[in-house]
Every structure is written in C-alpha cells, then in structure tokens.
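Undergrad: The structure is given below, and queries will be raised subsequently.
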C-alpha cells in the first residue's frame, strides 16, 4: 500500500489519511494495522484524564512542549464527546494547544467519542497503535472530560495522569472507586488558585501510605489489576503559567522507569494484548450475530418486547438459540 | 464503517470576534458533522497544519477584520504546499461583494456574508463534498 509506505517514511498527510481510515473502521485501515502491527509496542502511551474544565488540554499542550525537548517526535490524540442527538461533535482541544503549531515534530489528532462511553472513542486504541507503528516514541491520549467511572484509558496507556482542578470535593471524593484509582500520577492544576492547597491536602490524606494503584485488568468485567510498589505522586501545576511542568515530566519518566524495572511494563503489554484480542473477539462476534440473526427477526423481537409479551433478556436469548444448535 | 464529515473552522487574523465562527461550528455539529474548532488568531501555517493533521473534508474561515485579501491567498498557498489544494475552502464574515469574485478566482469555493442561514452552509458542505 503506497499510503502506508509514505506514512512510514514520515509523510504527515499520508498518516492523517490512514488515521481517518482506521478511525472509520474502513477495510484499508484494518489492512494497514494488520501490516504494521509488528512495528507497534514501542511507544510510551500517556493517558491524561480528568473532569471537564480541569485544564487537561492546556496541560497536554504544555506537557507536549516540555516532553519534546527529550524526544524527536510526539503525537497527541485528543478525544471530545460526540452529540448523542446529531452524532456531530465540536472538537476544541486544539484551541488550547496553539503554541505547538510551529513544531513539525508534533502531530495532533482530534477524535470524537462517537457514542463510546468509556472516555475515549472505540477506535482510539487503533489510532494509538498506528501512531506507535509509524514511530512516535511518546503518545499523549487526552480523554473526554471524564466522570468517575470512565476508566478505559487505563487499558491503552502505560501511565495515567489524572488532572484535578481545585475545589474538587473533600477527601471522600478522593477515596471513591473508579477514576481516582487508575491514576499513576495526580496533578492538581490551576494551583495558583487559593483553594488548591485544600484540594492537595484532601488528596494527600486520601492517598497517605497507599502504594497501590489499580490498573489494567485483563477483562472489562474483572477487577483491574493492582500494581503495587508505586506511590502515586500528587503534583501541582499552573499550566498556563508554565509552573510545575518539569516536575510532571520527571514523574512521568520515573513512572516509566518503575514500570520497566519492576517488570510491570511487560505485564501491562501482556494485559493490553489480551484486552485487544478480547475487544476484537467481541466486535467480530457481534457482527456475526447481527448477520445471522437478520434484521427481520431482530425487529420482531423488539416488537415483542414493546408489546410486553417478552422480557428483553428472553427475547435476546431466543434470537441466539438457533445459532447455538450444533 | 462509520464515516463523518470533518470540518475545520478557523479564525485567521487579528480581530477578536469569534461569535460567527462559533455559531457556524455549532450548526455543523448539530448537522452531524465533526467540527475541529481552532479558535482565534490563526496564522496561515496553523490553519493548513490543522487541516492536514485532522484530514478534514472542508475548511471554513471566518474573517471580519477586512484582511481577507491578504490572508486567504496565503492560506490557500499553505494548503497547496501540503498537497491539500483539492480541499474545498469557504469563507464567512464581512466580505465586500466586490471581493467575492476575486476570492473565488483564487480558489475559494464559496463566500457567505452576514445573516446567512446556517442551513445554507450545511447544504453547501453536503453538495460540495458529495455526501
């Protein structure tokens, strides 16, 4: 494939087009990924997550500039939500990354979540794989403004940075399960605000003596694996003022070194691989079932549920029954 | 396979009035498009780089400063240099009627003045890229 060779040779336009194919699930995209897959597994994937307005995009922009002093190229994948009504999206993350425009070593791609609920898009994993394959050594993945349970970025990132804004709530919020648990590094952004100290204190007392962070379960329905031996640092930044960025880069570097020296890097790769095979198994299976069941029988089942003749679980089971006969 | 129309809405030049650009961005979002909104004070290089990296189907420029005859040729040139000469470009804002033929001559696909119904822009995009 000509485009593929061009992308590998550093042609940014070819890469952009390939990314669209991958994002759209086009056959050409699948083919490209299949060909390039042996080249993947090199990049350090850093997830940046946190609630809307915490300053993720601004921080990502500043962090990218700081990281670029250490790596020749860097990619950013920024996810914003799609409208549940129109399916459209307003992708505004580039707006906060203006000063990266002059740097040819940085490639930014915006993605709409396209209805996927986990904080990233369905195809974010594949987009990251492609960027990895063409040789970006560091890839920053910025999630949508994430709520407490949107933890999927942990399944593609090696290092997860959770960005909090001052005034996030008390210690109990910090103790809740979910998003707080997947953080390898916590950043209190907008630290120039007076409430920042209180937020840092609440986080520190919640994390005091805790040397575990939940991460990277092999399956969606299993508890995430607990990585022991890494103390989640709580940092303060004021991204707009360029404060605290060096410390953040150091923490990210330290986390990577920790992953490698503790053998966790390999483990995470194994878990990621497993998650990827499972994701595709589910996708293929769903497609297969859809084809075999057919629209007509599916519509009939919906009608039956609508008329309250059957409950949805039974209706679905009955659709599958003929497929399961040997 | 899920295909979405991707549109770059950019505001080159130095004026700070981005309301029009935001209204258009929102209308396109509501029409099911994925709008990459890059905000104020974009240089021609920034616009072209964003169009390239985001692989957009169409570029919309909002210019109210009167600098369109200086900015648009440079943006079109930066796009061409990146192999994006075929990407349709539309311009909105305060554009005197006399300048419209000149802009189209340069390669601008369409010009929308103040008061344009957003639905007109939606239809234009669908027609232009044939989707």
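Each value in this text was obtained by applying a stated rule to the coordinates, not by laboratory testing. Note that the structure is predicted; figures quoted are calculated from it, not measured. Glycine also receives a Cβ, built like all others from the backbone with ideal geometry; neighbour counts cover every protein chain displayed.
Undergrad: Output the Cα-based Rg and Dmax of the protein assembly as shown in Å, rounding Rg to one decimal and Dmax to a whole number.
TA: Rg and Dmax of the protein assembly as shown, Cα atoms, are 23.6, 75 Å.
Undergrad: Ignore the peptide's own chain and count Cβ atoms of other chains within 10 Å of each Cβ in B:82-91; give me the average, rounded.
TA: 1
Undergrad: Let me ask you something else. Compute the acute angle (0 to 90°) between the alpha-carbon long axis of helix A:56-67 and the principal axis of greatest extent of the alpha-carbon atoms of chain A; round to the nearest 10°.
TA: Its long axis makes an angle of about 60 degrees.
Undergrad: Taking one equal scatterer on every alpha-carbon of chain B, how large is log10 of I(q)/I(0) by Debye at q = 0.12, 0.13, 0.18 1/Å?
TA: Here the Debye-derived log intensity ratios amount to -0.39, -0.46, -0.93.
Undergrad: Please give the helix A:245-261 orientation as an angle from the longest Cα principal axis of chain A, in degrees from 0 to 90, rounded to the nearest 10.
TA: 60
Undergrad: Related question: Pop a pseudo-label 7 angstrom from the Cα along the beta-carbon direction at both residue A:257 and residue A:24 and give the gap in nm to one decimal.
TA: 4.5
Undergrad: How many partner chain Cβ atoms sit within 10 Å of a residue's Cβ in peptide A:11-21, on average, as a whole number?
TA: 4
Undergrad: According to a simple spin-label model (label point 7 Å from Cα along Cα-to-Cβ), what is the distance in nm between residue B:26 and residue A:231?
TA: 4.9
Undergrad: Okay, which of region A:58-82 sit inside 16 Å, backbone N to the point 7 Å along the Cα-Cβ direction of residue A:103?
TA: Answer for this model: A:58-78.
Undergrad: Note down the nm distance, to one decimal, between modelled labels 7 Å out along Cα→Cβ at residue A:285 and at residue A:250.
TA: Result for the modelled spin labels: 4.7 nm.
Undergrad: Give, in nm to one decimal, the length gained when the segment between residue A:296 and residue A:198 is fully stretched (0.36 nm per residue of separation minus the Cα-Cα distance).
TA: Stretched out fully, the residue A:296 to residue A:198 stretch lengthens by 29.4 nm.
Undergrad: Also: Report, to the nearest 10°, how far helix A:12-24 tilts away from the longest principal axis of the Cα atoms in chain A, using its own Cα long axis and a range of 0 to 90°.
TA: 50
Undergrad: Can you classify region B:1-42 as rounded, prolate or oblate using the Cα gyration tensor, where a ≥ b ≥ c are the square roots of its eigenvalues, rounded means a/c under 1.5, and otherwise it's prolate if a/b beats b/c and oblate if not?
TA: In terms of gyration-tensor shape, oblate.
Undergrad: Return one quarter of the surface area of the convex hull spanned by the alpha-carbon atoms of region A:36-188, equal to its mean projected area, in nm².
TA: 9.2
Undergrad: Can I ask one more? Rounded to whole Å, give me the distance from the Cα center of region A:54-74 to that of region A:252-279.
TA: Cα centroid of region A:54-74 versus Cα centroid of region A:252-279: 22 Å apart.
Undergrad: I've got another one for you. How high is the FRET efficiency from residue B:45 to residue A:270, r the C-beta distance, R0 41 Å, rounded to 0.05?
TA: 0.45
Undergrad: Now for a different question. With no solvent and one equal point scatterer per Cα, compute the Debye intensity ratio I(q)/I(0) for region A:83-159 at 0.14, 0.23, 0.24, 0.26 Å⁻¹ and report its log10, rounded to two decimals.
TA: Reported log10 I(q)/I(0), two decimals: -0.52, -1.25, -1.31, -1.40.
Undergrad: Hey, got the average number of other protein chain Cβ atoms within 10 angstrom for residues in A:77-90?
TA: For peptide A:77-90, the averaged partner shielding equals 5.
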